[in-house]
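These notes are about the structure you will find just below.
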Amino acid sequence: MYPKRIDIIKKIVENVGEKEIIVSNIGIPSKELYYVKDRERNFYMLGSMGLASSIGLGLALNSKDKVIVIDGDGSILMNLGSLSTIGYMNPKNYILVIIDNSAYGSTGNQKTHTSKNTNLEEVAKGCGLDVVTTKSLEEFEKEFKKALNEEKCKVIIAKAIPYNEKCPNIEIPPVVLKYRFMEAIKRS
């Protein structure tokens, strides 16, 4: 059985240090990351579905630190062009984790096209990306640890069940989160 998204997020947080930058997808994934571990170097996407991968790319191109993006299949499907641009730019400090639960989790778990006809691994490969698909929590953690220690652009498609953890809302105002994040990445 595939893991829950929150368990994948927990494995990400357990395996990063204080230097890595984490960009989280809009909606419930950001709430889950905040609930698991709030940190100054977390960027919580609060208003633009489909753009976490692009924001992460911009950060990776302008930072020496490892940038990890937690995205979803629904958001990636809204911005497939980002995969092509990531493959073209190929930043060596970029890890894109696409949590593929075949659902739009933040809006009620309606099915995405990955449930039927769209294979994100093949799409990413077609964009020239080094990509792997994981189907268990153990397999994900192994591939994620490996990616953290490599100097190359990596995409990990983590299969998951459609499930939303009941988490409180992010209590910090968005403008405070923005400036806190900006100050944290300036210090690196």
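In segment 1-38, the residue that is least open to solvent (accessible area, probe 1.4 Å) out of those that are basic (Lys, Arg) and in contact with a helix residue (DSSP H, G or I) (Cβ under 8 Å, 6 or more places away or on another chain) is ARG5. What number of residues in segment 178-188 are open to solvent by 70 Å² or more (accessible area, probe 1.4 Å) and touching a Phe, Trp or Tyr at 6+ places or on another chain (Cβ under 7 Å)? Residues meeting the conditions: 0. Scanning segment 119-145 for residues that are exposed (fewer than 15 other Cβ atoms within 10 Å of the Cβ), over 16 Å from the mean Cα position of the chain (by Cα) and not in a loop (DSSP other than H, G, I, E, B) yields GLU122, GLY126, GLU138, LYS142.
Scanning segment 73-106 for residues that are β-branched (Val, Ile, Thr) and either assigned to a loop (DSSP other than H, G, I, E, B) or more than 19 Å from LYS159 (Cα to Cα) (or both) returns THR85, ILE86. Condition first: touching a strand residue (DSSP E or B) at 6+ places or on another chain (Cβ under 8 Å) and open to solvent by less than 10 Å² (accessible area, probe 1.4 Å). Now tell me which residues in segment 46-57 satisfy that. ALA52, SER53, GLY56, listed by residue number.
Here ASP100, ASP130, ASP65 are screened, and the one residue that is in contact with a Cys (Cβ under 7 Å, 6 or more places away or on another chain) and of a type in the set (Asp, Glu) is ASP130. Going through (1) at pLDDT below 95; (2) over 21 Å from ILE9 (Cα atoms); (3) open to solvent by 70 Å² or more (accessible area, probe 1.4 Å) one by one, VAL175 falls short only on (1). If I filter segment 92-113 for residues that are free of Cβ contacts under 8 Å to residues at least 24 places away in the same chain, open to solvent by 20 Å² or more (accessible area, probe 1.4 Å), of a type outside the set (S, T, N, Q) and over 19 Å from SER24 (Cα atoms), do I get at least one hit? So far as segment 92-113 goes, yes, one or more of its residues are free of Cβ contacts under 8 Å to residues at least 24 places away in the same chain, open to solvent by 20 Å² or more (accessible area, probe 1.4 Å), of a type outside the set (S, T, N, Q) and over 19 Å from SER24 (Cα atoms).
Taking residues in segment 137-165 that are within 23 Å of TYR35 (Cβ to Cβ), and partners anywhere that are open to solvent by 10 Å² or more (accessible area, probe 1.4 Å) and acidic (Asp, Glu), the pairs with Cβ atoms closer than 8 Å and at least 6 places apart or on different chains are LEU137/ASP7; LEU148/GLU20; ILE156/GLU143.
Considering only residues in segment 146-172 that are closer than 29 Å to HIS113 by Cβ and assigned to a helix (DSSP H, G or I), the one that is most open to solvent (accessible area, probe 1.4 Å) turns out to be LYS146. Per this entry, MET89 is counted among residues that are hydrophobic (A, V, I, L, M, F, W, C) and surrounded by fewer than 20 Cβ atoms within 10 Å (Cβ to Cβ). Residues of segment 68-91 being among the charged types (D, E, K, R) and either without any contact (Cβ under 8 Å) to a residue 40 or more places away in the chain or over 17 Å from THR133 (Cα atoms) (or both), which ones? If the condition is that a residue be among the charged types (D, E, K, R) and either without any contact (Cβ under 8 Å) to a residue 40 or more places away in the chain or over 17 Å from THR133 (Cα atoms) (or both), then no residue fits.
The values are calculated or read from the model by the stated rules, or taken from the named source; none is laboratory data. Nothing here was measured: the structure is a model prediction, and the numbers come from that model. When we count neighbours, we look across all protein chains shown, and the Cβ atoms used for this are built from the backbone with ideal geometry, even at glycine. Surface areas here come from the heavy atoms of the whole protein model, side chains and all, with no ligands, DNA or RNA. Shrake-Rupley method; radii C 1.70, N 1.55, O 1.52, S 1.80 Å.
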